[in-house]
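The values are calculated or read from the model by the stated rules, or taken from the named source; none is laboratory data. The shown structure was predicted, so the numbers you read here are calculated from the model rather than taken from an experiment. All Cβ positions, even for glycine, are placed from backbone atoms using ideal geometry, and neighbour counts span all protein chains on display.
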Amino acid sequence: MVLDPELEATLGVGVGKHAPAIRDFTIDQLRRFADEQAMLTDSQPPQVERVRLMEVPVASGPRAARLYEMDVHHAPSGLLIWVHGGGFVVGSLEGYDPTYRRLSAGTGMWVLGITYRLAPEHPFPAGFEDVLDAVAWAQDNASHFGVSAEQIVVGGDSAGALLALEAALVMGKRGRSLRGLVLAYPTAGPEIKTASMHDLADGYLLSADAMNFYYELYLAGVENHADPRISPLLSRDLHEAPPTVLSVAGFDPLHDEGVALCGLLQSGGVDVAFLSEPSLVHGYLSLAGISGGVRDAIDRLSAAVANLVSA
């Protein structure tokens, strides 16, 4: 397994490299840095025909969202609701704009980028509740997006993937299954200890200490980490998930969690398209501007997502 040379050269990641100590920064600094980095590492994403600013009504109040429409003259093949990552603490519509554009261009679907309340101001279950409400609202109002309720896919990356998974599971339990689920380098809970978390603990953008820090903020005051909304691997019950696309990166401390999730989904009878990107790092969706290997991986992910709605 060889690290993508463009990522290694541009980002300075690899063996013996160390990320700045995340605990030395304020929350505002971390959020600003995450947005700035995303814009720098993918400054020329594909164009889409129209981007609409909107609000999604959820129980906690209206949440900002963006709708990316590749072709405004024809009905889309489906709607992809995307839940951004960022350790439940950082991430924004602005920082994820390049990712939304690439997903819309690659899949041919309309993409709805949603927001949710972030920790530490709003610890668990605030973010989960917002995502679940947003997904349910989108399904109730599918015609607003030119699709049927059966053409909606929910996806997310990293922490957003966990929130997307749990929302999809609840929707399934309610008898309102989605067309599909997309999990890009997901986290699977704070109690999951894996070889990749140990072996890749530092040097590859996401560190083990950063994950611990994010979970400390997200789960402040929560004693039961076995709650299935927090640690789905411990629930051993994922059969309500819809057909799933799951992507892991080889140089990612969360790699083994993604592999384990894939196995548990499959053991529950869920159809999973598993994509392994052995040369890439955590967060690769936002790195397309600096790596041809990343662009190829996004193409593979997009094709698999498009297959969810064409099957």
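Things to note:
Residues checked against (1) of a type in the set (Lys, Arg); (2) surrounded by 22 or more Cβ atoms within 10 Å (Cβ to Cβ):
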| site | (1), (2) |
| --- | --- |
| 114 | no, yes |
| 117 | yes, no |
| 141 | no, no |
| 146 | no, no |
| 178 | no, yes |
| 194 | no, no |
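- Among the strands (runs of 3 or more DSSP E) confined to the range 175-293, there are none with at least 2 residues that are farther than 21 Å from residue 18 by Cα, in contact (Cβ under 8 Å) with a residue 24 or more places away in the chain and of a type in the set (Phe, Trp, Tyr).
- Within the range 16-51, being under 18 Å from residue 210 (Cα atoms) and in a loop (DSSP other than H, G, I, E, B) holds for 16, 17, 18, 19, 20, 21, 25, 26.
- Unmet requirement for residue 8, which otherwise passes all of (1) in a helix (DSSP H, G or I); (2) without any contact (Cβ under 8 Å) to a residue 12 or more places away in the chain; (3) loosely packed, with under 13 Cβ neighbours inside 10 Å: (3)
- Among the residues listed as 271, 252, the single one being more than 20 Å from residue 82 (Cβ to Cβ) and modelled with pLDDT of 95 or more: 271
- Filtering the range 30-52 to residues that are surrounded by fewer than 15 Cβ atoms within 10 Å (Cβ to Cβ) and touching a Lys or Arg at 6+ places or on another chain (Cβ under 6 Å) leaves only 46.
- A single entry from 233, 183, 217, 200 fulfils the requirement of being buried (at least 22 other Cβ atoms within 10 Å of the Cβ), closer than 21 Å to residue 131 by Cα and not β-branched (Val, Ile, Thr): 183.
- Residue 226 vs. criteria hydrophobic (A, V, I, L, M, F, W, C), within 20 Å of residue 129 (Cβ to Cβ) and touching an Asp or Glu at 6+ places or on another chain (Cβ under 9 Å): yes
- Verdict on residue 63 being modelled with pLDDT of 95 or more and crowded, with 19+ Cβ neighbours inside 10 Å: yes
- Pair list, Cβ < 8 Å and 6+ apart or interchain, from the range 80-105 residues that are farther than 19 Å from residue 254 by Cβ and touching a residue at least 60 places away in the same chain (Cβ under 8 Å) to residues that are assigned to a loop (DSSP other than H, G, I, E, B) and hydroxyl-bearing (Ser, Thr, Tyr): 92/115; 98/43
- Selected residue (criterion: surrounded by the fewest Cβ atoms within 10 Å (Cβ to Cβ)) from residues of the range 253-278 that are touching a Ser or Thr at 6+ places or on another chain (Cβ under 9 Å) and more than 23 Å from residue 169 (Cβ to Cβ): 276
- Yes/no for residue 13 being assigned to a loop (DSSP other than H, G, I, E, B), surrounded by 16 or more Cβ atoms within 10 Å (Cβ to Cβ), modelled with pLDDT under 95 and over 21 Å from the mean Cα position of the chain (by Cα): yes
- Residue in the range 104-162 that is farthest from residue 72 (Cα to Cα), counting only those that are of a type in the set (D, E, K, R) and outside any helix (DSSP H, G or I): 121
- Test result for residue 76, in contact (Cβ under 8 Å) with a residue 60 or more places away in the chain, farther than 19 Å from residue 180 by Cβ and assigned to a loop (DSSP other than H, G, I, E, B): no
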